[in-house]
Structures are given as structure tokens and as C-alpha cells.
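The values are calculated or read from the model by the stated rules, or taken from the named source; none is laboratory data. Fair warning: this is a prediction, and the values are worked out from it, not measured in the lab. Note that each Cβ is placed from the backbone with ideal geometry, even for glycine, and that neighbours are counted across all protein chains shown. Accessible surface is based on the protein model in full, side chains and every heavy atom, while ligands, DNA and RNA are left aside. Shrake-Rupley method; radii C 1.70, N 1.55, O 1.52, S 1.80 Å.
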Amino acid sequence: MPLAVLVASGSLAAASDRDWPGLRGPRHDGAAAGTLEASEGAGFAVAWRAALGAGYSSVAVAGGRAVTLFSDGKSDVAAAFDVRTGRELWRYAIAPTLRGKDGSFDGPIATPVAAADRVYGLGPLGHLFALDAGSGRELWKVDLAASEQAPAPHYGYAASPVLADGTLVVLVGAKEGGAIAGFDAATGARRWRLGDDVVAYQVPVVVTIGGRQRVVAVGDAKLFVVDPASGRLLVEHAHGGQPHPMANESLVPVPAGEGRLFLKHRLDTSTMLRLTADGDERVRVETLWTAPVLRQTYVVPVYHDGFLYGMSGRMTLTCVDAATGAQRWRSREPGDGFPLLVGDDLVMLTKESTLHVGRASPQGWTERARIDLFGDVVWSPLGFADGAFFARGQKQIARVDWRTREAAAAAGKPAAPAPSSPRFASFLAGLGTAPDKTQALSAFLAALPPGPLVEWPDRVVFLYRGPASDVAIAGDMNGDRREDPMWRVEGTDLFWYEATLEPDARVNYHFVRDFEERLPDPRNPQRVPGHRSGTLGTFPAEQSSLAMPGWRAPDHLREVAAARRGRIAEHVVESATRPGAKVSVKVYLPPGYDQGRERLPVAIVLGGDQAREAGLVPRSLDNLIPARVAPVLVAFLGNPEWGAKPPSDDESDAALAELVSRDVLGLLDASYRTDTAPDRRAVIGAGFSAYQAAELAFRRPQVYGALGLQTIIMLDSDDELLRKQVPAAAEAPLRVYLDWGRYDYHATREAWDMGGANARFAAFLRERGYRPAGSEAPEGAGWAGWRNRTDRVFETLFPPKATAGPA
């Protein structure tokens, strides 16, 4: 499930260097002519700010107007601002606002094309338009969805047009020869269309090949080189990309020296191509290298003097040798953001709305000035025109000048903040005068309890000591897809990071040493499963667990004497209706089952292998039955194997429901003493399995009478689909348990938060008449947290009888 998409571009091939006609600038390479004065005291200064709505569009500048697209809350609009004063000059309503979903913010994605007399743009609902640049009056408008039968990408139309030889070229993605189309810039009439490929959020660029202007456009599978005036296809090349929002779906070709084009098209690797003229009518494509660099990011890199500069993953600014693909250096500073070149300077606008400048050098990143802009999330790369920068966030647009008489921020590495922990602050103060820093540091650490330094009620200092050039921390408190740099104590091998947590919190975390190695905290003996993997790479097999003083460990996770344990029976259940489909089932039989005669209720646990191994659910049941939970038979299901003909996406829910509700329950009823009454049967899941469990129970209320859910992993579209499956409680009187974590899966730079989504779903269930037990817990997500609440799940679904005896 993609969580956010950023692609926005558009520029005018013949634009003046004083203008910035789109995201990639006048030469489609992210570079501006000119220099930034390097005299002492030079730095950024905000000339003006103006209010703005949400959106991903960057700022295009021409004719004294800064133009961008955004949502005003009701409509998606294009608006122009006076570059000198910031006064809004005009506003044009494109269409009703496309609401953000699945991690994206509201508003348009594409950046307009700006010229002295016209503005061109593409709205997220597929409206391609031309406006008078002076007044904002509509000149023409084309509905691509209607006229081209172009299917809308998941997050809306985003591939900004480019203007070349009087033709507005747009990636359309229509079927049967409609991947790319060229429209007359004066009238909006379609001149040509070509190419068979799927289009997501890619952006075309204009390049020069053999002395002629050509448009290079990429879809999910192919790269096309087109003559923009005639629509002649000069080459069609399978680029080998990978279908993913941070791979080929957000691919923007990057000019990288004479004839070279860089493609960020896979999660594992990127590729450099060479394009050369093969006569007047053909272009030859050659692969120069493929390397694991500048990948797993939405950010488009820039090229300067033989080197590429951009983000690797979400955290590290990286320099790559454009000739070989070799990585030259990486830096966590200045943070995840968007690069722009001005002369020899690399300017970075981060997603946390800070603006930085340093020399574009293969020797490393050295900052010489910075400024805080908005205090807002930024997903729009910079524009640069006539010596000024134009930036926008989700709420504001700003012009930032480079002034030689303003005091610049301190150059070089930012100074470490002063810690608020009194004990750690006192240690640092004394360390400066210690005759032997190494001995003083060793003595300080030896006097601390194992793990992070915790000071009541809410301060935590995470500590790492050891050989490393860089250490970062990732954890529940920071959010997903994020690593925060740790500060090095000067003259030592100690790195530290301070956080504030609630007094009753428990979180998972790990360190990242030298950008690659992920490891638990060596000073902390408390380890938990590190089961997650994602775009930042696979988590370590174990993470560290930090429990604040107010958190209490559950008693049901204690080891149980062998005589009091239940036993596990193993089965493989084959589908009766789908040849080759099967699922492994491990059945927990509670203590005393073999000596008893009573029929037992049944719990089906989806994602059962993780629930058993990382969730320790059988151990909890051994502790809980029969005093706190009635004896229950629990079937832990593995991941289904669907055979030679797996179900399609549309069939998958029904196929799983059939496999579980008929085949698995059929085996259990035939093999064990089960109670077949629906109110004695539950389906349980956590994380992604929670979504499947909810669909299964609400689809088959005649089979199941209880439902246990922990942190349903769902984005907006999933939530919408699930709600449609939920009948009123009067029609399906399920007992429901639902909990989630205070530090659950969330992204601080994107619009998604599993804790909030689960809280809203719990409220929706109450509106439908259900009375879900469970609530927010002071923990992060994953089995390290879910297993602490196994007692609450089973106590709700299978409460003990007044007098519980052996099964």
C-alpha cells in the first residue's frame, strides 16, 4: 500500500535563465545559472510569505509571477503571486478538490508550466488547461479522462506537461497507443498520441540529442524518445523498472552530462543510460551502469561536474560518481529533502521546511548557511528565478533571497542541543575538564543501570558507545521511515539522542551504525522481535525494548511449568474447491483437553506463525486458562498457499473466507471436540492480519460470533472498503475487541497514522451499535506490544465460566 507519492515537473525548453518554468528548471536538470555570493555574512533571508493550501505542486516562475497549484479546501486551484511582494494576483478553480488518501495530503501533485504570457497545468482529476498569465483567464481546457479515456492513477493525475516546439507533451497512460500525447499549446487540440504503457506519476523531460530537441518520457515499463513537433517515435526501450511508488512509478529522467540519462527506477538499483542519435529518425540507447545508489526515495537527484547528488532512502544525502555509479560519500545532514543546483552550490529544502546551502563537492557536505522556513511539512522542490528561491509547504509559499549583508547561520555541522536530562547534562559539563575523558566516560556508563538513561518522569537519553563514524536511532517514538541522527560527544566514541516519552510508555528501537548496520542497543538486555521490514531496509532480528518507570510488564508472559502447558497439534488443510490451495494449521489444545469431554470454543488466529513465535500466545494461554480465560481451542493459521492459480485481488477475500470457514473449521470440527455455535467461535488478527480477520468475521457473521483485532493496518481506501463490510450490530451481534498503540505505526512527514485510523474505526463500530472492548495502549506496534495484551483479547472473547474446571 503506497503511503505517499511526490512527482511534479514541468518547464519550458526555451525559457530564460531568469525564469524557472517548472520543477526541473529551464534545462530540465534541476540546475540554475548564476552564483550565490560567498562573502562573509551572506545567507538566506525571507522576503515574503503568503498563505496557501495543501498540495505537492512546486512553484514555477515567469514574467514576474510565481505560480503554483493547491487546494483551497473546496477546489483545486492555480494561483499567481507577485514575485516582489507576494500579493496574490489571480486564482483559477480547476475542479473540486481531490482529497488525499492512503498517506497523501489533499491537492494537486503536478507543477504548472509558466511562460511570460501563458500558464499550463494538469489538475489531479485529469483537467489539462491553459490560462492567460496576466489575468488567470481560461484559454482552453481538456478533460483527459473523457477525451483520451485515460485511467486515473491512484493518487490522481500527476505527470506534469512539458512544452517543446509549440507542443504540450503529457504522459496520459491511455490504452492502445496512448501512453503519451502531444497537444497544440495554442488551442489544446491533440496533435498526436503514441506508445503502449501504464502511466503512474512519472514526468517527461526535454533533452537535446544530435542537436535536436527531443522529449524523453517514461511509463511503468518503457522509455520513449519522441520528436515533439511531429510525434515521431524515435526509440522505445524497456527500462526494467520495478512497480513501486518509490521506483518506476515516480520516475523522472535526470540529464547527467553529454547524452547521459539517470533513471531511479528500482528499489534495489538505479541505472545510467546513454542516448545518441542514430541518423535523423532514430535514437540508440545504451546501458552504462547499474548500481544500488540513489534509490528508495521520491526525491529526484541533480547532476554537477561528473557527480550526482540526491537522497538514498529517506535519510542520507549521497554523492555518486556519474561515470561509474560508485558512491563517494553520504551525510545525514541536512536531512531528507530536495536538491537544487545554483552554480557550484547545492541547495537543499528539507521535508521539515529548513533551507540549506553547501558546495556541490565530491569531498563531502559542508553547510555554510541555513534558515527555518515554515514549521510545516514540505513535499515540493524549490524553484529559483532571478536570484531568489521560491518554496512552499502545505500551508505557505515563500520567496527567499540570498543577501550578502544578512547574518548567515553558522557554517559546518550544527551544534548539539543542550540535553534536558540533569544527570547527562552534568556529566557533559564535567567531561570538558576531565583529565582523562575515556576513563570519565567509562566510569559514568558503569554507574548507570543497563539501557538508556531514564530520568523521571519523561526524559530518556539513548546512549551508544563504540567505533563508528555515524550512528542514528530508529524507533516507535520517531515514526516509520525515519532515522534520527545521534550526537557525538566531542573527543569520545559516545553517541547520544534525547527523547521525551510518557511515564507509562514502552517502545521498540534500534541503532543504525555507519548508515547500513542495524543493531539492538548493546547496553540494553531487553530484546524484542524485530519483525518489520520496509523501505528503509530490513529491521534487525531483534530490537531493543525501553519501558518507562510507569509501565508494568504483564504476568501472563511468564514461563509455565511443563505440566501446566497445553500441546500443539499440526495439520495441513487442503482446499476442497481450489486445487492446490492449502494452509498449515497448528492447533493449541489447552491443559487437560485429553482428559476432558466438554466441547470447546474455537479461536482462528490469522498470521498464526508470528502470533505463536513472536507473540508467545500459547504461553499466555497456559497462564490464563482456566482462571481468566475459558478453555479454548486455538488454531494458528500460516499464510495460505494458493497453488498454480492463485485468486485475483478481487477474489482473494472470498477465497480466504472459504478456505478458513469451510475447510479449516471442517477439519477442526471433525478432529476435535469443538462447539459449533457461532457465538463460541472467534477470528483474531493483528496488523495486516487484523484487516483480514475483520473482513472475515463481518462477511460471515453466521459463522463467527467474536472478533479480536490489534492495530488494523489500513490506509484510507482500506478503511473505506472495510466499513462497507460492517453490518449493524443488530444484524451481526459480534463481540469485538480492538486495541492499538500510542506509538503505533505512523509517519511524521506523511498523512497516515495507524493509531488515529484505529481510533476512528472503533468510533465507527460504536456508531454501528457495537461495543468494542479495548482502547489505546501506551506502546508501539508489532508483537512486542501486541503480546502484552493477549490477556485482554481472550478475556473479552472467551471469559471464564463462574466455576472453571478441566476441559
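Just name the residue that is farthest from residue 473 (Cα to Cα) out of those in the range 441-453 that are open to solvent by 30 Å² or more (accessible area, probe 1.4 Å) and in a helix (DSSP H, G or I). Only one residue tops the list, namely 443. Count of the range 341-359 residues, restricted to those that are open to solvent by 10 Å² or more (accessible area, probe 1.4 Å) and either small (Gly, Ala, Ser) or part of a strand (DSSP E or B) (or both), is 3. The conditions of being open to solvent by less than 10 Å² (accessible area, probe 1.4 Å) and either touching a residue at least 12 places away in the same chain (Cβ under 8 Å) or touching a Lys or Arg at 6+ places or on another chain (Cβ under 6 Å) (or both) are not met by residue 198. Taking every residue in the range 763-777 that is closer than 19 Å to residue 788 by Cβ and assigned to a loop (DSSP other than H, G, I, E, B) and pairing it with any residue that is of a type outside the set (Asp, Glu) and open to solvent by less than 30 Å² (accessible area, probe 1.4 Å), at least 6 positions away or on another chain, the pairs with Cβ-Cβ distances below 6 Å are 772/736; 772/738; 772/762; 772/765; 774/737; 774/738.
Take residue 415 and tell me if it is over 26 Å from residue 317 (Cα atoms), modelled with pLDDT under 95 and surrounded by fewer than 16 Cβ atoms within 10 Å (Cβ to Cβ). Taking the combined requirement at face value, the residue does not satisfy it.
If you scan the range 54-73, which residues turn out to be at positive phi and in contact with a Leu (Cβ under 8 Å, 6 or more places away or on another chain)? Once the filter is applied, which keeps residues that are at positive phi and in contact with a Leu (Cβ under 8 Å, 6 or more places away or on another chain), the range 54-73 yields only 55. The requirement of being surrounded by fewer than 22 Cβ atoms within 10 Å (Cβ to Cβ) and either touching a strand residue (DSSP E or B) at 6+ places or on another chain (Cβ under 6 Å) or of a type in the set (A, V, I, L, M, F, W, C) (or both) is fulfilled nowhere in the range 242-257; no residue meets it.
One line per residue, one yes/no per condition, for (1) touching a Phe, Trp or Tyr at 6+ places or on another chain (Cβ under 7 Å); (2) in contact (Cβ under 8 Å) with a residue 12 or more places away in the chain; (3) under 20 Å from residue 313 (Cβ atoms):
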| position | (1), (2), (3) |
| --- | --- |
| 338 | no, yes, yes |
| 342 | yes, yes, no |
| 351 | yes, yes, yes |
| 365 | no, yes, yes |
| 368 | no, yes, no |
| 372 | no, yes, no |
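Scanning the range 467-516 for residues that are within 20 Å of the chain's Cα centre (by Cα), of a type in the set (Phe, Trp, Tyr) and surrounded by fewer than 22 Cβ atoms within 10 Å (Cβ to Cβ) yields a single hit, 515.
The residues listed here are 271, 290; of these, the one that is open to solvent by 30 Å² or more (accessible area, probe 1.4 Å), without any contact (Cβ under 8 Å) to a residue 40 or more places away in the chain, farther than 27 Å from residue 402 by Cβ and β-branched (Val, Ile, Thr) is 290. The residues in the range 641-694 that are of a type in the set (Gly, Ala, Ser), at pLDDT below 95 and within 22 Å of residue 719 (Cα to Cα) can be counted, and the count is 5.
For the range 641-692, a residue qualifies if it is in a helix (DSSP H, G or I), open to solvent by 20 Å² or more (accessible area, probe 1.4 Å), among the hydrophobic types (A, V, I, L, M, F, W, C) and farther than 24 Å from residue 597 by Cα, and the qualifying residues are 654, 656, 688.
Here the strands (runs of 3 or more DSSP E) wholly within the range 41-143 that include at least 1 residues being aromatic (Phe, Trp, Tyr) and within 27 Å of the chain's Cα centre (by Cα) are 65-71.
Table: residues versus (1) out of contact with any Phe, Trp or Tyr (no Cβ under 7 Å at 6 or more places or on another chain); (2) open to solvent by 20 Å² or more (accessible area, probe 1.4 Å); (3) part of a loop (DSSP other than H, G, I, E, B).
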position	(1), (2), (3)
591	yes, yes, yes
594	yes, yes, no
598	yes, yes, yes
604	yes, no, no
610	no, yes, no
615	no, no, yes
623	yes, yes, no
628	yes, yes, yes
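Of all the numbered requirements in (1) among the aliphatic types (A, V, I, L, M); (2) open to solvent by 40 Å² or more (accessible area, probe 1.4 Å); (3) outside any helix (DSSP H, G or I), residue 563 misses one, and that requirement is (3). Taken over the range 374-404, the criterion of being open to solvent by 10 Å² or more (accessible area, probe 1.4 Å), outside any strand (DSSP E or B) and either charged (D, E, K, R) or under 23 Å from residue 747 (Cα atoms) (or both) is satisfied by 374, 375, 376, 377, 381, 386, 394, 395.
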